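See structure below.
The values are calculated or read from the model by the stated rules, or taken from the named source; none is laboratory data. Because the structure is a prediction, the values reported are computed rather than measured. Every residue, glycine among them, receives a Cβ derived from its backbone with ideal geometry; neighbour counts consider all protein chains shown. Only protein heavy atoms, including side chains, enter the accessible area calculation; ligands, DNA and RNA are left aside. Shrake-Rupley method; radii C 1.70, N 1.55, O 1.52, S 1.80 Å.
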Amino acid sequence: MENCFHCGDVCNETNIVFHNKNFCCHGCKTVYEILKDNDLTYYYDLEHSPGTTPSRFDSKFDFLKEPHIASKLLEFDERGIQIINLVIPSIHCSSCIWVLEHLSKIHNGVLNSQVNFPEKTVRIQFKAKELSLFALVELLTRLGYEPYISLADEKKTPKRTDRSLIYKIGVAGFAFGNIMFLSFPEYFEVNEFWLDRFKFLFRWLMFAFSLPVVFYSGWSYFSSAIKGLRSKHINIDVPIALGISVLFIRSTIEIALDLGTGFFDSLSGLIFFLLLGKFFQQKTYAYLSFERDYKSYFPIAVTKLIQSSTQFNTQNNNKKELREQQTEIKDLIQGDRILIRNGELIPVDAILISGNAFIDYSFVTGEAQPVSRASGDKVYAGGRQQGEHIELEVIKTVEQSYLTQLWSGDVFNKGNQTNFQTLTNKISKHFTIVILSIAMISVMFWWWFDASKALNVFTAVLIVACPCAIALAAPFTLGNMLRFFGKAKLYLKNAETIEKMAQLDTLVFDKTGTLTSSLESKISYCGVDLSIEEQDLLTNTLRSSNHPLSRTLYQWLQKHEIYTLDDFNEEIGKGIVGKKNGQHIYAGSYQYVNNNHQSSVYSPEKNTTQVHIATANTYKGYYNFINTYRSGLQETFKALEKFKIIVLSGDNSSEQESLSKLLPKHTQYYFDQKPEDKLSFIKALQDEGKNVMMIGDGLNDAGALAQSNVGIAISENTNVFTPACDGILDAKQFTLLPDFLRLSKRANHIISYAFLLSLFYNIIGLGFAISGNLKPVVAAILMPISSISIVVFTTLFTYWVTRKLSQNNQNNNK
């Protein structure tokens, strides 16, 4: 069996030989010809079989011919030069980058193109007079790089990177280095004429350097502390802000009254290390979207049918005709007629006017089996038509349709975990109270024995006990963990999600696309064995059909002789019939193939997907399509037995028996759940005090994902549509879920151990502070050492506990 030179797929259906190279289809051959004619065959030298099979262009992007629609997608349009940024999900290797950045050699209308590989986008600058946007997209599609254009692109605003934290770190770092340099003579009490002469200048320079550090770099800690106190909540920023204030005020008083050099070095170092920790924790995946809604799934436009009048010369009457016009879906109103072609999404609730609708609602409802609809039936937004084109009459606008109403609930309009307390904030409340108590007790003690030292001891306690090390423990631990998770292809929205995962006790799973793989099905045959001639005829009949089940079954059947049928007919949503040399074979629904075969030997199973087979006179049997469960499913759930496990599916209960053999005995099953049912179910669990993780993949899971404490969207391709969530998990890494949950708990343990280590440093520092012996040099040594040791400890400990995850990740990628 030969592999395609362009895409690497096995040449099952056809094997086109061109230039002594094998191609699986004319599309791959065409791409090769385009690249060869433009002297771009180096594309194949970078990677082995790097291409993807081009998809059929048809009328999918006709809306780009409308100038008012195309203009909304452009980033720039002046003097005949246009710039657009397109999402290309099929970008996957260096060859893809190379060919996309050499588009100017394929078409002279392209001036420049730049690929952003992490975001899977290409930014193209082109001449509008030589190359229209429609023609550009057509060119990309022919090359196998079809863009993903959705309603969300219509009002896309350029991403602005917030660099304020980097600027604050730069200011704090610059000031910290200079203040340390100016403080060295004071540390070692060097008595030198010129140093002593300019001592006051050096101190006021340190003061000057500290001003931007406190009032620019460190101002966020003051604002956060004030917000916390206003809401009657003591967060970690309260003791930090208190420590910064005391350091700055005492240091300023000391140099103003010539009492000493102050603690400006410790002050700037404190803020610098805190900001580094914040920067380290802010590891995000900018190329992934965690806040998607229906706009990322819906097309930007649809084909609208408009009535026009045509005059006949032979008669005085008019005949009504329908002409096609590309219309933005937001402009559709009740009563409009629209045309939906094969593979296109239905964007509104509508009534089927003509054609045979065979609609896949799996991404919306979770129901795995497509449904048939006849003229006059109601169809809902979000389904994808399979088969011939259909005409629909709009009964609700996009904003009023069933699917978009799923995003109208409060759960999408406000944070669902506003009361979540991080481990650091929980400890900070007690820490602040303890430190203030120690400071007050120390003041009273020294006020009684030596009143001159009372104020000095009070401020010294607040300075040395500033929770710098405590504040660094969580950022570096969670930041490291976030990176390890990312390497294992679990991309979390933020570090706080890890702390939430550590508190989970209930796991809720969708079935279709989550426990099952959407990329493959297990097929079995039940019935009378087919003869070789019947198998050949069935194979060629299936080969002539574009129905997904037909294509899947055709790929599954063994290689048979390929020939041209004498006759072929397909009734969309029902079945197909092929004829060769007077022999007929039927394939399709039970009702379709059994129409003239009253004495069936095999009766169909209920609630399963089947393709029934019959010859001209005899019912033969059926091929049963069973969803393939993800590899290692049983072992994965065995490792999750300590959690409460629930399967919450929009599909029917036909697979409950199969699932019960794989999942733990205490697993609860709920089927035929609508999207709103799932959301309510999650909320009911939370009302019982449960901490819930929802793992799903479709729009029907969107509400449940948003409502849950942690929502994880599982995806076969992380760069295409996934619902709003807290994290995106590559489907191939599903078996690592127990490791992710285990490591989340270990992260909390590491933070706790780091707190104990910081407590050790605080005890040493408090010894100097309470005894009235805290000098600037002691603070300058102790505070950085405590911070650095916490960073080293959390980094090494995190690396050690994630070794098993790294090993399992490597095994999954083999």
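Key figures
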item	result
Two-site label geometry, GLU130 and ILE249: point separation in nm, points 7 Å out along Cα→Cβ	6.9 nm
Residue-span extension gain [THR795 to PHE198] - 0.36 nm each, minus C-alpha spacing	210.7 nm
Unsatisfied cross-links (Cα-Cα over 30 Å) in the set LYS493/LYS665; LYS489/LYS642; LYS168/LYS426	LYS493/LYS665
Residue-level accessible surface for ASP196, protein heavy atoms, 1.4 Å, Å²	90 Å²
For TYR380, solvent-accessible area (1.4 Å; no DNA, RNA or ligand), Å²	90 Å²
ARG79 versus LYS804: modelled label distance in nm, points set 7 Å from Cα along the beta carbon direction	6.3 nm
Neighbourhood net charge (15 Å Cβ-Cβ; Lys/Arg +1, Asp/Glu -1) for THR424	+1
Taking N as its residue count, the alpha carbon Rg of the range 64-149 over 2.2 N^0.38 Å	1.00
Estimated FRET transfer efficiency (VAL371, MET444; beta-carbon r; R0 56 Å; 0.05)	0.10
Total formal charge among the other residues, if their Cβ is under 11 angstrom from that of ARG123, Lys/Arg +1 and Asp/Glu -1	-3
Accessible surface of GLU716 - all protein chains present, 1.4 Å probe, nearest 10 Å²	50 Å²
Label-to-label distance, nm, for residues given as LYS574 and GLU2 (7 Å Cα→Cβ offset)	4.0 nm
Efficiency of FRET between ASN773 and ARG742 - r from beta-carbon atoms, R0 56 angstrom, step 0.05	0.75
